[in-house]
Amino acid sequence: MYFEQFGYIRVAAASPRVKVADIEFNKAEIIRLVDEAESKAVSLLVFPEMGVTGYTCGDLFGTNLLIERAEAAVAAIRDHSRGKAVTVVLGAPVRYNDKLYNCAVVIRNGQVKGIVPKTFIPTYNEFYESRWFASGADFLSCNVHNEGRFFDDGKDFVREGFCAEVSFAGRRCNMSPNLLFSVGPATFAIEICEDLWTPLPPSSFHCVAGAQLIVNLSASNEVLLKHQYRKNLVCEQSAHTLSGYIYCSSNYGESTQDLVFAGSSMIFENGTLMAEAPRFGTESTMIVADLDVEKLTTLRQKQSSFYYVTPDGTRASTYAQLYSRIRVGDAARTDFRKEFHRYIEPHPFVPAGPASETEARCEEVFSIQVHGLMTRLEHVAAKTAVIGISGGLDSTLALLVTVLAFDRLGWSRERIIGVTMPGLGTSKRTRTNADDLMEALGVTRREISVVPSVNQHFTDIGHDPAVQDTTYENAQARERTQILMDISNQTGGMVVGTGDLSELALGWCTYNGDHMSMYGVNASVPKTLVRYLCRWVGENRLPDSRTGAGRTAREIILDIVDTPISPELTPADAEGNIAQLTEDLVGPYELHDFFLYHFFRFGCTPKKLLFLAEKAFGDKYEAETLRHWAYTFFKRFIGQQFKRSCLPDGPKVGSVSLSPRGDWRMPSDAKWALFLNEFEERL
């Protein structure tokens with residue numbers, strides 16, 4: 001049966017309960033966990049350092065019996081893997097040229113695919129590994145260059161680099177720190193414990209040579225505060241190498257004499273924790289995660305500096321020539337639709353996590369907006385800031401940013417001119433909120449109705465006001481912009497734009513209407529974040545000492561947050577309530593923000609976007625609803641680029657921005673058929 005893989009690969013870190021030097025016990029537990037991983041459709045399974053023998057064997061590593069039995073155990077595990085789709089990476093001692101090496105052995109379907117020795121051997125701490133093990137750097141010297149020519153049936157060895165041919169477990173295979181293994185969509189490489197703790201970890205070079213995943217077999221003991229440092233180390237290495245990192249450390253039973261091991265295993269993807277094992281248990285553990293190799297590839301493709309590995313411009317291809325590449329096999333046939341070991345955040349732009357972290361992120365975003373506006377105000381020597389206040393979310397956030405900017409500059413808030421411009425669809429609720437908020441914040445208020453001028457305009461161009469079409473709506477938006485621009489000329493000021501990132505993505509703005517300003521403070525803030533920030537500012541940054549019509553600024557803002565989103569360009573209903581709801585027309589903003597994030601950041605196809613949306617919103621929206629609004633997103637996003645090609649300046653606050661000057665450069669005449677056809681052909 002065929003399952004769509006969407007660029008994912010399922011990986012696992014298994015930390016078995018171990019008995020030091022009890023090779024038969026360890027072998028049996030490893031085999032049990034291999035079977036468990038196979039039942040979970042895992043493609044890549046990682047075990048700890050020296051998992052076959054136990055890491056703390058000490059001088060027993062100098063005995064022939066231990067080494068011979070360890071090799072026999074690897075052979076048994078290899079034979080047990082025959083017919084299975086899981087690739088196994090386990091730790092064992094390997095003897096070559098009268099030296100013993102601390103190694104990772106890669107096994108798949110009854111074959112040893114390659115052996116990777118540890119490069120950096122501790123000599124300074126409680127492990128004192130150099131007493132027993134040689135460094136894998138031996139295999140990177142010229143005397144073994146291109147010696148490795150044999151790999152099982154000879155069909156899977158792709159390119160020769162620094163490696164040697166060794167005989168192990170009754171077979172010949174290649175041995176080197178510089179081996180790259182391909183499994184399905186992923187290429188992985190290996191480093192072992194101490195390798196990661198060095199100033200220049202081997203994984204940095206592995207990644208620029210082509211490895212998207214890094215496997216680390218470790219035996220890292222526990223001391224106070226070490227766990228968080230170790231976790232940060234893995235996190236940062238996965239982030240700056242744009243890789244998936246599978247770290248697996250020794251578990252219960254390994255502890256002996258002065259050392260305690262707690263089974264610290266974790267899986268990261270580009271700096272994000274995907275899975276982590278509980279520590280200090282007494283049983284074997286296995287953590288599983290579905291890593292997005294396609295995403296990692298896209299991120300590397302977009303970050304051109306990734307493949308420069310030295311300041312003088314040495315390219316990654318120079319290092320890639322030093323690696324041998326081995327095809328291990330296909331990935332397991334994993335049904336990601338049925339079971340997905342990965343959390344998909346439905347609101348990727350909205351801060352999540354502990355209160356301290358969300359507070360810090362909100363503070364950061366708001367400070368960027370405020371600081372950017374302060375710089376522009378001072379640069380143009382603005383006497384005033386002019387803002388159209390509608391009583392909606394966007395103009396509220398823009399006003400709050402402007403108020404805080406003026407406060408920091410030490411300018412009077414009276415120099416902020418908030419203009420309400422009631423039109424043909426203005427509701428009582430938004431109009432009241434706009435007036436009350438300006439009063440509570442102490443800014444200068446002006447009200448100019450656009451109804452007379454718009455009606456005159458309809459007469460001038462011969463448009464029937466009964467026809468409530470695009471002309472009817474856009475005339476109001478353009479008249480409002482003209483008023484704001486002219487007031488800014490009158491007062492020596494500048495117009496602060498209110499439009500947000502979501503509206504720009506959908507083209508949900510009137511060209512040369514609300515689309516235009518002199519500085520757009522919300523230009524890279526999506527609608528879901530606008531709502532969140534308004535609430536946060538109201539609750540955390542504004543004192544309640546002033547009121548507007550008896551309400552505090554906080555109370556007014558919270559009512560605005562709860563008001564339905566609308567451009568209010570068509571008449572209200574008989575009770576004066578909002579009749580034109582934006583999300584009924586273009587779709588839920590939470591979906592469009594989700595689509596924008598994954599399309600912009602990771603280049604997701606429509607097919608993959610819908611898969612992710614089903615995982616994130618499956619309990620809230622039907623599949624057909626998600627498909628409908630995804631179709632709408634692509635059609636509007638591709639078709640409305642001409643509005644984004646002439647945007648005013650605005651502060652970039654996050655990783656997604658549609659500024660034509662830097663972050664998104666798309667031709668205005670690009671065709672949408674490439675994306676829309678996929679809905680017809682493949683979804």
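Quick one: is THR402 crowded, with 23+ Cβ neighbours inside 10 Å, assigned to a helix (DSSP H, G or I) and touching a strand residue (DSSP E or B) at 6+ places or on another chain (Cβ under 7 Å)?
On the way: crowded, with 23+ Cβ neighbours inside 10 Å: yes; assigned to a helix (DSSP H, G or I): yes; touching a strand residue (DSSP E or B) at 6+ places or on another chain (Cβ under 7 Å): yes.
Taking the combined requirement at face value, the residue satisfies it.
Could you tell me whether LYS428 is of a type in the set (Lys, Arg) and under 24 Å from LEU558 (Cβ atoms)? Yes.
Each residue in region 34-69 was checked for being under 20 Å from LYS118 (Cα atoms) and under 30 Å from the mean Cα position of the chain (by Cα), and 6 pass. Tell me, please, whether a residue that is in contact with a Phe, Trp or Tyr (Cβ under 8 Å, 6 or more places away or on another chain), modelled with pLDDT under 95 and surrounded by fewer than 24 Cβ atoms within 10 Å (Cβ to Cβ) can be found in region 409-426. The answer is yes, given that some residue of region 409-426 is in contact with a Phe, Trp or Tyr (Cβ under 8 Å, 6 or more places away or on another chain), modelled with pLDDT under 95 and surrounded by fewer than 24 Cβ atoms within 10 Å (Cβ to Cβ).
Rundown of residues vs (1) within 20 Å of MET50 (Cβ to Cβ); (2) small (Gly, Ala, Ser); (3) assigned by TED's automatic domain parsing to the domain that holds THR119, yes/no style:
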residue	(1), (2), (3)
ALA189	yes, yes, yes
LEU224	no, no, yes
LYS231	no, no, yes
GLN237	no, no, yes
GLY244	no, yes, yes
PHE268	no, no, yes
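Considering each residue of region 233-277, count those that are modelled with pLDDT under 95, surrounded by fewer than 20 Cβ atoms within 10 Å (Cβ to Cβ) and assigned to a loop (DSSP other than H, G, I, E, B), and give that number. Total meeting the criteria: 4. As a summary of the residue check, ARG337 satisfies the conditions (1) in contact (Cβ under 8 Å) with a residue 60 or more places away in the chain; (2) buried (at least 16 other Cβ atoms within 10 Å of the Cβ) except for the one numbered (2). Residues in region 505-518 that are within 23 Å of ASP407 (Cα to Cα) and crowded, with 24+ Cβ neighbours inside 10 Å: SER517 alone.
Exactly one residue out of PHE637, PHE679 is in a helix (DSSP H, G or I), at pLDDT 95 or above and outside the structural domain of GLY497 (by TED's automatic domain parsing): that is PHE637. Inside region 73-105, residues that are part of a helix (DSSP H, G or I) and at positive phi make up a count of 0.
Output the number of residues of region 647-669 satisfying the condition of being hydrophobic (A, V, I, L, M, F, W, C) and farther than 15 Å from LEU506 by Cα. Don't jump to the end; show me each part of the working.
Looking only at region 647-669, we keep the residues that are hydrophobic (A, V, I, L, M, F, W, C), and these are 647, 653, 656, 658, 664, 666.
Still in the list and also farther than 15 Å from LEU506 by Cα: 653.
The qualifying residues number 1.
When region 34-57 is filtered for residues that are in contact (Cβ under 8 Å) with a residue 60 or more places away in the chain and closer than 17 Å to ASP22 by Cα, the ones remaining, listed by number, are PHE47, PRO48, GLU49, MET50, GLY51, GLY54, TYR55, THR56. Entry remark, region 371-381: residues being in contact (Cβ under 8 Å) with a residue 24 or more places away in the chain and either part of a helix (DSSP H, G or I) or surrounded by 23 or more Cβ atoms within 10 Å (Cβ to Cβ) (or both) number 7 in total. Scanning region 31-72 for residues that are out of contact with any strand residue (DSSP E or B) (no Cβ under 7 Å at 6 or more places or on another chain), crowded, with 23+ Cβ neighbours inside 10 Å and in a helix (DSSP H, G or I) yields a total of 1.
The values are calculated or read from the model by the stated rules, or taken from the named source; none is laboratory data. Quick caveat: nothing in here was measured; it's all calculated off a predicted structure. Counting neighbours? That spans all protein chains shown, and the Cβs are built from the backbone with ideal geometry, glycine included.
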